[in-house]
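Okay, so here's the structure we're looking at.
The values are calculated or read from the model by the stated rules, or taken from the named source; none is laboratory data. As the structure is a prediction and not an experimental result, all values here were calculated from the model. FYI the Cβ positions are ideal-geometry reconstructions off the backbone, even for glycines, and counts take in every protein chain you see. Accessible surface areas use protein heavy atoms only, side chains included; no ligands, DNA or RNA. Shrake-Rupley method; radii C 1.70, N 1.55, O 1.52, S 1.80 Å.
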Amino acid sequence: MIQVRTLFAAMALVVGMLAAPASAQDKLRLTIANGIAPNIPTYWWFKDYIGPRLEQLSNGRMQVNVQVNSTLCSEHKCVEQARMGQIDVGSVSGGNIGSFGQTFDILNLPYIFKDDASAEKLINGWLGKELAARAEKELGLHVIAIIPSYSFRNIGNSKREVRVPEDLKGLKLRVTKSPVELNLIKTWGATAVPFDWAQLYEGLSTGVVDGYYIPDAYVAAQKFYEVSPYITRTGGGWNAHIIFMDKKRYERLPAWAKEQIATIGDEIRARSFKVDAEWMAQQTKLLEGKVKVYTPNQQELDRWYAGAPAAWVAVKGTYDPALARRVLQEQGQNELIRKLEAAKAL
C-alpha cells in the first residue's frame with residue numbers, strides 16, 4: 001500500500017510539473033553590463049533599450065539586471081567576466097578587444113573605412129557577418145551587434161596645435177590595447193602609451209600622457225577639453241563597440257531566448273548608426289568655444305594618410321589581407337590599395 005501511494009504521489013508530482021504554466025518554468029535572469037558612461041550611446045543601448053526590450057519581448061520571462069558605467073566591469077574586464085559567467089551580455093571597444101585576439105583588428109586599420117556610410121553598409125552587411133562568425137571560432141564570443149561609437153578618431157592633445165604628423169614628436173599619446181592603434185601612433189611620430197580609459201582625465205591633468213586618439217564626441221562627453229584644448233581632424237581609425245555574449249553561455253540559452261537575442265541584434269543594427277549620429281551631434285556642439293580644432297588641408301591630410309601603410313605593415317599578420325582588400329575595393333579605395341601593395345601590406 002505504501003508503495004502504491006508513493007507511486008501515485010510521484011505521478012501527481014510529474015503531472016503537476018507538466019501542467020505548470022510556461023512562464024513559471026522558463027524564467028531567465030540575465031545580467032548585462034558595460035563600463036560606459038551615461039553620455040555615450042552604448043550606455044543608452046544597454047540601460048534604456050536592451051534591458052527593457054528583452055523583458056518586453058519575453059513577456060517577463062527574462063528578468064534583466066542592467067549594470068552600466070563600470071559598476072560591474074570596465075572595457076576588456078567585461079570580456080573576462082563574461083567568460084567566468086559573472087555577466088551574460090557585455091560590450092567592449094574594437095580597440096580593447098584586441099587583447100583577446102585579432103578578429104576585430106581589421107576595424108582599427110587606419111582608413112579601412114572612407115566614411116560613415118561605407119562603414120554602415122559593410123558592418124551591417126557581409127563584413128559584420130564574417131566578423132561575427134570569426135569571433136565565435138577565434139574568441140569564443142557570440143556577437144549580438146557591432147555598433148559605431150562616435151565614428152572616427154582624431155588626435156587631441158594638451159600642448160600645442162598639430163597640423164602634420166611631424167608635429168607629434170615628443171608628445172605622449174594614450175592608446176588602447178589595439179596593436180594597430182599603437183603602431184599607427186608610433187608611425188605618426190608620437191610616443192604611444194597604453195593607458196586605462198577610466199584614468200585618462202587624471203593622466204592628462206598630471207602630464208602622464210599629453211593626448212589621445214579618440215572621436216571628438218568623447219572629448220566633449222568626458223570633458224577632456226578642460227585639460228587638452230587642441231584637436232586635429234586626422235580621421236583614420238573608426239571607433240566600434242562590440243555587444244557580445246560568451247559563446248558557451250549563449251549556447252545554453254533556450255531556443256526562445258536565442259530568438260529574442262537575435263531580434264535585439266537586428267533592431268540594434270537597424271538603428272545604431274542613426275542613434276550614434278544624433279548623439280555625436282549633441283556632444284560635438286558642446287565643444288564650440290572650448291577647443292581649437294585644426295582641419296588639415298588636402299596636402300597635409302595626404303601626409304596623415306601616408307602613415308597608414310607603415311602602420312599596416314607593422315601589424316601584418318594580425319589581419320586577413322584578402323578580407324581587407326575586399327573591404328577597400330568595395331569602397332573604391334584604389335589609391336590606398338596601391339600604396340599598401342607597394343608597402344607589401346596587402
- Message: Springs between alpha-carbon pairs under 10 angstrom, Gaussian network model over the chain: which of Ala135, Ala308, Ala281 fluctuates most?
- Response: Ala281
- Item | Rg over Rh, two decimals, the stretch 140-188 (C-alpha only, Kirkwood Rh) | 1.09
- The ³J(HN,Hα) series, computed from each phi in the stretch 209-224 with the Karplus coefficients 6.51, -1.76 and 1.60 at θ = phi - 60°, rounded to the nearest Hz and given as x for glycine or proline, is 10, 9, x, 7, 10, 9, x, 4, 5, 5, 4, 5, 4, 9, 6, 5
- Starting from the Cα of Lys285, step 7 Å along the direction of its Cβ; do the same at Met84; then give the gap between the two resulting points in nm. 4.2 nm
- On each of the three principal axes the extent of the alpha-carbon atoms of the stretch 295-346, given in whole Å and largest first, is 32, 24, 18
- Note on the structure: Everything considered on the Cα gyration tensor (a ≥ b ≥ c; rounded for a/c under 1.5, else prolate if a/b is larger than b/c, else oblate), the stretch 170-214 must be described as oblate
- Message: Residues of the stretch 86-129 with backbone nitrogen within less than 16 Å of a virtual label 7 Å along the Cα-to-Cβ line of Ala270, please, listed as ranges.
- Response: 124-125
- Task: Show me 252-261, 295-304 ranked by packing, highest mean number of other Cβ atoms within 10 Å first.
- Result: 252-261, 295-304
- D for the chain, whole µm²/s, Stokes-Einstein with Kirkwood Rh over alpha-carbon pairs at 20 °C and 1.002 mPa s: what number? 99 µm²/s
- In the chain the accessible area split gives carbon plus sulfur, as whole percent at 1.4 Å, a share of 52 percent
- Message: Report the Cα-based extents of the stretch 173-322 along its three principal axes, largest first, to the nearest Å.
- Response: 53, 39, 33
- With springs only between Cα atoms under 10 Å, which of Ser272, Ser149, Ser118 fluctuates most in a Gaussian network model of the chain? Ser118
